[in-house]
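The values are calculated or read from the model by the stated rules, or taken from the named source; none is laboratory data. Given the structure is predicted, the values throughout are model-derived calculations rather than measurements. Here Cβ is always computed from backbone atoms with ideal geometry, including for glycine, and neighbour counts include all displayed protein chains.
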Amino acid sequence: MTMGYGLCTIHHLGYVVDDLAEAARRWHDIAGIGPFLVQEHVPFDGITADGDPVVFDHSKAYAAYGSLFVELKLIHEAAPANAGPFFGSNGGVGLNHVAYVVDDAEAESERLAERGMPSTVRARVGELDVALHDGSSSLGFAVEVHQRCEPLTTLFAQVRSAAREWDGQDVIRPLPATASR
């Protein structure tokens with residue numbers, strides 16, 4: 001669903017953190033959300049920054065937060081060094097991106113580029129196709145566009161299910177292997 005300002009309904013908020021476990025505990029203590037499902041060293045089939053292949057090694061933790069999700073991102077390595085800012089590895093922690101899911105990611109990426117938010121990062125994992133757009137000058141954060149696909153739907157259905165069934169214990173859990181690709 002497109003809203004009046006042209007962006008779609010927010011799917012998740014992505015934060016760069018310096019410690020996944022500590023950040024998950026803080027989110028739980030402050031917002032009461034959990035559990036966070038952790039995926040260590042997220043694999044890519046391909047990833048580029050400004051069209052050039054890059055190395056981006058990171059771990060993620062996901063939790064449901066009302067109608068949307070929170071993604072915590074710990075960056076282990078981004079290379080070459082000038083690729084770091086594309087991923088939010090500029091030494092700071094905090095909000096990195098706002099993400100949404102669309103049926104035609106290519107068309108949405110073109111639309112954002114026409115509005116002054118160029119695509120800086122493209123990543124593919126199996127069927128999952130992601131484009132990160134530089135919205136820093138216009139919005140203050142990156143915009144992440146996901147192509148709607150079954151693996152993405154399955155991943156976040158598992159995160160939502162874990163939240164519904166959660167007993168408040170074990171704030172951090174491994175992401176089930178079936179959801180990681």
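Check Glu127, Glu106, Glu144, Glu114 and return the single one that is farther than 27 Å from Arg25 by Cβ, within 17 Å of the chain's Cα centre (by Cα) and among the acidic types (Asp, Glu).
Details: Glu106 fails: within 17 Å of the chain's Cα centre (by Cα); Glu144 fails: farther than 27 Å from Arg25 by Cβ; Glu114 fails: within 17 Å of the chain's Cα centre (by Cα).
Result of the check over Glu127, Glu106, Glu144, Glu114: Glu127.
With the requirement that a residue be among the small types (Gly, Ala, Ser) and either in a helix (DSSP H, G or I) or free of Cβ contacts under 8 Å to residues at least 40 places away in the same chain (or both), what does segment 24-50 give you? Even if it seems obvious, please write down each step before you answer.
Within segment 24-50, the first condition is being among the small types (Gly, Ala, Ser), and the residues that meet it are 24, 31-32, 34, 46, 49.
The answer is Ala24, Ala31, Gly32.
All of Thr154, Thr120 fail the test of being of a type in the set (Ser, Thr, Tyr), within 23 Å of Ile47 (Cβ to Cβ) and outside any helix (DSSP H, G or I), apart from Thr120.
Screening Arg148 with (1) modelled with pLDDT of 95 or more; (2) over 25 Å from Asp19 (Cα atoms) gives one miss only, at (1).
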